[in-house]
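Chemist: Handing you a structure now.
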Amino acid sequence: MTKRSILSYNLSIIAEAVLIFVAILSILINALSQDKIIKRLAEETLKLQAFGIASACEKIIYEKGLEKRENLISLFSDRIISHVMIIDKSGKILFHTNPELEGEHLEENNIFQVDSKKVLLNTGLYVFEFNYPLHQRDGASYLLKIYLHSYRSDQIMEEAKAMWMRAGLAIMVLLIISGIMVFLLIKYDKLQKLQKRSEEMATIGRMTAVLAHEIRNAVGSIKGFAQLIDEKITPDNSLKKLAVNIIKGSQRIEGLINELLLYGKNEDYKMEELILIQLIKDALNQSSDNLNVELN
């Protein structure tokens, strides 16, 4: 594979990783925005329902007063309503969907303005509290406190949680895919480096073989001339020792060259069992015909 193709492959992997990262980021941003919208939608839905009930209650009290209890009870009979109370500025309960609580006083400080929040009842359930001031013809002001069941909004929130779970699952899948891609990229890069090194070593091996052959030819010529001189001169000649040294040095160089050529070859070796005693006998027989060694 050429350098250009390797670069193209790496760039494609990087581009895919960037696309996966952008996809994960867009999923997170979308999930966050959808979660905020769903929460706001659930809260606004409860507010609208409570405001509609409060407006109808204000009209009834403004026209007929608190004495027409049956009209208020009919208004507050919706299943979404947990309970309703009307208090004056002193905190005295003037009306309650549970008549037994009328006349009691609330210990909490009540602000006569439109307000809403989630509160926890003694039963352990959360309800939506909506406060709405009521103004009468005689100038009196009451505070309407409406408590709505939030199970519908809770269903919406559960859908939001499910959406988060789906988003998390999608992100997990994308992360796994990106991890696999990164692993393959790293592995591919290592294989490319090994292949490149192998090609470089093969090139060096070919160059070494050519150079070694040239050196061996030159050394062979030197050794040949030295052997010729050794054969021509008498043993008492001073050049005899010099020729022998040249021959030995040439043989050592040839041995090193042979080892170098052997190192550069890609040879396959086959392992097999052999009888060691027979190998030793053959070696002794070849080294000396006069050596008599008895092997048991």
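The values are calculated or read from the model by the stated rules, or taken from the named source; none is laboratory data. Quick caveat: nothing in here was measured; it's all calculated off a predicted structure. Counting neighbours? That spans all protein chains shown, and the Cβs are built from the backbone with ideal geometry, glycine included.
Chemist: Scan L121, L72, L106 and give me the residue that is touching a helix residue (DSSP H, G or I) at 6+ places or on another chain (Cβ under 7 Å) and at pLDDT below 85. Talk me through it step by step, then tell me what you get.
Modeler: Working: L121 fails: touching a helix residue (DSSP H, G or I) at 6+ places or on another chain (Cβ under 7 Å); L106 fails: touching a helix residue (DSSP H, G or I) at 6+ places or on another chain (Cβ under 7 Å).
From the options L121, L72, L106, the qualifying one is L72.
Chemist: Quick check on this structure: which one of A212, A226, A218 is free of Cβ contacts under 8 Å to residues at least 24 places away in the same chain, of a type outside the set (D, E) and either under 30 Å from R252 (Cα atoms) or surrounded by fewer than 11 Cβ atoms within 10 Å (Cβ to Cβ) (or both)?
Modeler: A218
Chemist: Identify the single condition in (1) touching a helix residue (DSSP H, G or I) at 6+ places or on another chain (Cβ under 7 Å); (2) modelled with pLDDT under 80; (3) hydrophobic (A, V, I, L, M, F, W, C) that V18 does not satisfy, given that it satisfies every other one.
Modeler: Checking V18 against (1) touching a helix residue (DSSP H, G or I) at 6+ places or on another chain (Cβ under 7 Å); (2) modelled with pLDDT under 80; (3) hydrophobic (A, V, I, L, M, F, W, C), the one that fails is (1).
Chemist: Out of the residues in the stretch 47-79 that are out of contact with any Ser or Thr (no Cβ under 9 Å at 6 or more places or on another chain) and of a type in the set (V, I, T), state the one that is nearest to R152 (Cα to Cα).
Modeler: So the residue we want is I53.
Chemist: Look at D236 and say whether it is among the acidic types (D, E) and more than 43 Å from the chain's Cα centre (by Cα).
Modeler: Working: among the acidic types (D, E): yes; more than 43 Å from the chain's Cα centre (by Cα): yes.
Yes; evaluated as a whole, the condition is true for this residue.
Chemist: I need a count of the residues in the stretch 168-221 that are among the aromatic types (F, W, Y) and more than 30 Å from L28 (Cα to Cα). Walk me through it before giving the result.
Modeler: So in the stretch 168-221, the residues among the aromatic types (F, W, Y) come out as 183, 188.
Adding the requirement that they be more than 30 Å from L28 (Cα to Cα) leaves 188.
Residues in the stretch 168-221 being among the aromatic types (F, W, Y) and more than 30 Å from L28 (Cα to Cα): 1 in total.
Chemist: For the stretch 106-122, how many residues are under 23 Å from A140 (Cα atoms) and surrounded by 11 or more Cβ atoms within 10 Å (Cβ to Cβ)? Let's see the steps before the verdict.
Modeler: Our first condition is that a residue be under 23 Å from A140 (Cα atoms); within the stretch 106-122, this holds for 106-116.
Going one step further and asking which of them are surrounded by 11 or more Cβ atoms within 10 Å (Cβ to Cβ), we end up with 106, 110, 112, 114-116.
Total satisfying the criteria: 6.
Chemist: If I ask for residues that are within 20 Å of Q136 (Cα to Cα), surrounded by 14 or more Cβ atoms within 10 Å (Cβ to Cβ) and among the small types (G, A, S), which ones from the stretch 32-55 would you list?
Modeler: A50, A54
Chemist: Among the residues of the stretch 179-208, count how many are modelled with pLDDT of 80 or more, hydrophobic (A, V, I, L, M, F, W, C) and more than 36 Å from the chain's Cα centre (by Cα).
Modeler: Qualifying residue count for the region: 1.
Chemist: Examine the stretch 151-158 for a residue that is over 28 Å from I29 (Cβ atoms) and among the hydroxyl-bearing types (S, T, Y), and state whether such a residue exists. Spell out the reasoning first.
Modeler: Filtering the stretch 151-158 for residues over 28 Å from I29 (Cβ atoms) gives 151.
Then keep just the ones that are among the hydroxyl-bearing types (S, T, Y); that gives 151.
Yes, there is a match, as at least one residue in the stretch 151-158 is over 28 Å from I29 (Cβ atoms) and among the hydroxyl-bearing types (S, T, Y).
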